[in-house]
1. Pairs only if they're at least six apart or on different chains, beta carbon under 6 angstrom, first in the range 4-32 and among the basic types (Lys, Arg), second open to solvent by less than 60 Å² (accessible area, probe 1.4 Å) and part of a helix (DSSP H, G or I); list them, first residue then second.
2. Mind listing whichever residues of the range 75-91 are open to solvent by 100 Å² or more (accessible area, probe 1.4 Å) and either among the hydrophobic types (A, V, I, L, M, F, W, C) or at pLDDT 90 or above (or both)?
3. Just one of Glu21, Glu39, Glu16, Glu11 is touching a strand residue (DSSP E or B) at 6+ places or on another chain (Cβ under 8 Å) and charged (D, E, K, R); which is it?
4. Within the range 1-34, restricting attention to residues that are of a type in the set (A, V, I, L, M), assigned to a helix (DSSP H, G or I) and open to solvent by less than 100 Å² (accessible area, probe 1.4 Å), which residue is modelled with the lowest pLDDT?
5. For the range 35-64, how many residues are under 17 Å from Arg22 (Cα atoms) and part of a loop (DSSP other than H, G, I, E, B)?
6. Which one is farthest from Val85 (Cα to Cα), of the residues in the range 45-74 that are hydrophobic (A, V, I, L, M, F, W, C) and surrounded by 15 or more Cβ atoms within 10 Å (Cβ to Cβ)?
7. Filtering the range 65-85 down to residues that are assigned to a loop (DSSP other than H, G, I, E, B) and not polar (S, T, N, Q), which residue is nearest to Asp37 (Cα to Cα)?
8. Out of curiosity, is Ala42 touching a Leu at 6+ places or on another chain (Cβ under 8 Å) and either surrounded by fewer than 17 Cβ atoms within 10 Å (Cβ to Cβ) or modelled with pLDDT under 95 (or both)?
Amino acid sequence: MSPTTGQQQYEEFVTELLADERPRLFAVLREFGTHQDAEVAAWGMAWPDRAELVSPNGRVRMRSESPERALRVFGRGEDVSARLVWVDADPVS
């Protein structure tokens, strides 16, 4: 095996490893009224066993068992709802 072949195989391995291990990116969208206004309340990364979130200004950080569980914090208030918006292209199977 030539060094080039070994390097190519290693790069393929690394590419697969990163694809398998990468977190899914999502946003928590707070919506006000019915199709009236919205804001990004947090950006998050989801792994199989947890989710990490940070507010757009970086002041609020939180960890949750799942993105759905974290969502409960953001939908509080009159005429306010919150939903997850998955940013990455690959849906979870």
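1. Arg30/Phe74
2. Answer for the range 75-91, where residues must be open to solvent by 100 Å² or more (accessible area, probe 1.4 Å) and either among the hydrophobic types (A, V, I, L, M, F, W, C) or at pLDDT 90 or above (or both): just Arg83.
3. Values: Glu21 fails: touching a strand residue (DSSP E or B) at 6+ places or on another chain (Cβ under 8 Å); Glu16 fails: touching a strand residue (DSSP E or B) at 6+ places or on another chain (Cβ under 8 Å); Glu11 fails: touching a strand residue (DSSP E or B) at 6+ places or on another chain (Cβ under 8 Å).
Exactly one of Glu21, Glu39, Glu16, Glu11 is touching a strand residue (DSSP E or B) at 6+ places or on another chain (Cβ under 8 Å) and charged (D, E, K, R), namely Glu39.
4. Filtering the range 1-34 down to residues of a type in the set (A, V, I, L, M) leaves 1, 14, 17-19, 25, 27-29.
With assigned to a helix (DSSP H, G or I) added as a condition, the list becomes 14, 17-19.
Still in the list and also open to solvent by less than 100 Å² (accessible area, probe 1.4 Å): 14, 17, 19.
Working: Val14: 92, Leu17: 92, Ala19: 87.
Only one residue fits best here, namely Ala19.
5. Residues that pass the stated criteria total 2.
6. To start, the set of residues in the range 45-74 that are hydrophobic (A, V, I, L, M, F, W, C) comprises 45-47, 51, 53-54, 60, 62, 70-71, 73-74.
From what's left, surrounded by 15 or more Cβ atoms within 10 Å (Cβ to Cβ): 45-46, 51, 53, 70-71, 73-74.
Numbers: Met45: 12, Ala46: 12, Ala51: 14, Leu53: 13, Ala70: 13, Leu71: 11, Val73: 16, Phe74: 13 Å.
So the residue we want is Val73.
7. Keep residues of the range 65-85 that are assigned to a loop (DSSP other than H, G, I, E, B), which gives 65-66, 75-79.
Next, from what is left, pick out any that are not polar (S, T, N, Q): 65, 75-79.
Details: Glu65: 28, Gly75: 14, Arg76: 15, Gly77: 14, Glu78: 14, Asp79: 11 Å.
This residue is Asp79.
8. Numbers: touching a Leu at 6+ places or on another chain (Cβ under 8 Å): yes; either surrounded by fewer than 17 Cβ atoms within 10 Å (Cβ to Cβ) or modelled with pLDDT under 95 (or both): no.
When the stated conditions are applied, Ala42 does not pass them.
The values are calculated or read from the model by the stated rules, or taken from the named source; none is laboratory data. Just so it is clear, the model here is predicted, and its values are computed rather than measured. Heads up, the Cβs are rebuilt from the backbone with ideal geometry, glycines too, and the neighbour counts pull from every protein chain shown. What goes into the accessible areas is simple: the full protein's heavy atoms, side chains included, and nothing from ligands, DNA or RNA. Shrake-Rupley method; radii C 1.70, N 1.55, O 1.52, S 1.80 Å.
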